[in-house]
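The values are calculated or read from the model by the stated rules, or taken from the named source; none is laboratory data. For clarity, every value in this text was computed on a predicted model and none was experimentally measured. Glycine also receives a Cβ, built like all others from the backbone with ideal geometry; neighbour counts cover every protein chain displayed. Side chains included, ligands, DNA and RNA excluded: accessible areas come from the protein's heavy atoms. Shrake-Rupley method; radii C 1.70, N 1.55, O 1.52, S 1.80 Å.
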Amino acid sequence: QVQLVESGGGLVQPGGSLRLSCAASGSIFSINAWGWYRQAPGKERGLVAFITHVGNTDYVDYVKGRFTISRDNAKNTVYLQMNNLKPEDTAIYYCNKYPANNYWGQGTQVTVSS
């Protein structure tokens with residue numbers, strides 16, 4: 001019954017930007033911490049960033065200073081602003097609660113290439 005719909009991915013050049021959105025329904029959005037995760041080709045899915053129910057954030061080292069996670073509780077939506085994208089950011093990006101449960105959406109593809 002929990003539905004997660006990620007959007008905003010696409011093909012961008014190195015150094016470009018994207019803003020990802022995650023619309024969550026069927027969950028108690030506002031009381032949960034939420035995260036963005038990504039899975040690059042040949043790698044395990046891993047956490048990129050999370051934001052707590054009070055708005056505290058943290059990021060993995062390789063995206064610090066480039067990515068910003070935010071949330072809009074009124075819209076049940078989590079965002080990931082991605083700046084200065086690098087080819088190694090290429091992955092399918094997913095949102096989920098943090099810590100994640102087993103209910104994953106389709107993800108949104110981010111491809112960074114010239």
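I'd like the residue in the stretch 65-98 that is under 17 Å from residue 32 (Cα atoms) and without any contact (Cβ under 8 Å) to a residue 24 or more places away in the chain and, out of all such residues, is surrounded by the most Cβ atoms within 10 Å (Cβ to Cβ).
So in the stretch 65-98, the residues under 17 Å from residue 32 (Cα atoms) come out as 69-80, 94-98.
Cutting the leftovers down to without any contact (Cβ under 8 Å) to a residue 24 or more places away in the chain gives us 70, 72, 74.
Working: 70: 14, 72: 11, 74: 8.
Applying the filter and picking the extreme gives 70.
Of all residues in the stretch 1-12, which are out of contact with any Phe, Trp or Tyr (no Cβ under 9 Å at 6 or more places or on another chain) and open to solvent by less than 40 Å² (accessible area, probe 1.4 Å)?
Once the filter is applied, which keeps residues that are out of contact with any Phe, Trp or Tyr (no Cβ under 9 Å at 6 or more places or on another chain) and open to solvent by less than 40 Å² (accessible area, probe 1.4 Å), the stretch 1-12 yields 10, 12.
So which residues in the stretch 90-102 are in contact with a strand residue (DSSP E or B) (Cβ under 7 Å, 6 or more places away or on another chain) and not basic (Lys, Arg)? Before you say what the answer is, go through the steps one by one.
Step one: of the stretch 90-102, the residues in contact with a strand residue (DSSP E or B) (Cβ under 7 Å, 6 or more places away or on another chain) are 90-98, 100.
Selection gives 90, 91, 92, 93, 94, 95, 96, 98, 100.
Out of all the residues in the stretch 69-112, which are hydrophobic (A, V, I, L, M, F, W, C) and in a loop (DSSP other than H, G, I, E, B)? Spell out how you get there, then give the answer.
Residues of the stretch 69-112 hydrophobic (A, V, I, L, M, F, W, C): 69, 74, 78, 80, 82, 85, 91-92, 95, 100, 104, 110, 112.
85, 100, 104, listed by residue number.
Are there any pairs, at least 6 apart or on different chains, whose C-beta atoms fall under 9 Å, with the first in the stretch 101-114 and closer than 16 Å to residue 84 by Cβ and the second part of a loop (DSSP other than H, G, I, E, B) and polar (S, T, N, Q), and if so, which?
If the second residue must be part of a loop (DSSP other than H, G, I, E, B) and polar (S, T, N, Q), the pairs left are 110/90; 111/90; 112/13; 112/90; 113/13; 113/90; 114/13.
Look at the stretch 13-42 and say how many of its residues are touching a residue at least 40 places away in the same chain (Cβ under 8 Å), open to solvent by 20 Å² or more (accessible area, probe 1.4 Å) and not small (Gly, Ala, Ser).
Number satisfying all stated conditions: 8.
Please determine whether any residue of the stretch 44-64 is over 11 Å from the mean Cα position of the chain (by Cα), at pLDDT 95 or above and open to solvent by less than 20 Å² (accessible area, probe 1.4 Å).
Checked the stretch 44-64: at least one residue is over 11 Å from the mean Cα position of the chain (by Cα), at pLDDT 95 or above and open to solvent by less than 20 Å² (accessible area, probe 1.4 Å).
Residues in the stretch 62-110 that are over 16 Å from residue 21 (Cα atoms) and out of contact with any Gly (no Cβ under 7 Å at 6 or more places or on another chain): how many?
Going through the stretch 62-110 one residue at a time, the tally reaches 14.
Any chance you could count how many residues in the stretch 1-31 are modelled with pLDDT under 95 and not in a strand (DSSP E or B)?
8
What's the number of the condition residue 113 fails, among (1) in contact with a Phe, Trp or Tyr (Cβ under 9 Å, 6 or more places away or on another chain); (2) open to solvent by 20 Å² or more (accessible area, probe 1.4 Å)?
Residue 113 satisfies all of (1) in contact with a Phe, Trp or Tyr (Cβ under 9 Å, 6 or more places away or on another chain); (2) open to solvent by 20 Å² or more (accessible area, probe 1.4 Å) except (1).
Please enumerate the residues belonging to the stretch 32-50 that are among the charged types (D, E, K, R) and assigned to a loop (DSSP other than H, G, I, E, B).
Start the filter on the stretch 32-50 by keeping residues that are among the charged types (D, E, K, R), which leaves 38, 43-45.
Result: 43, 44, 45.
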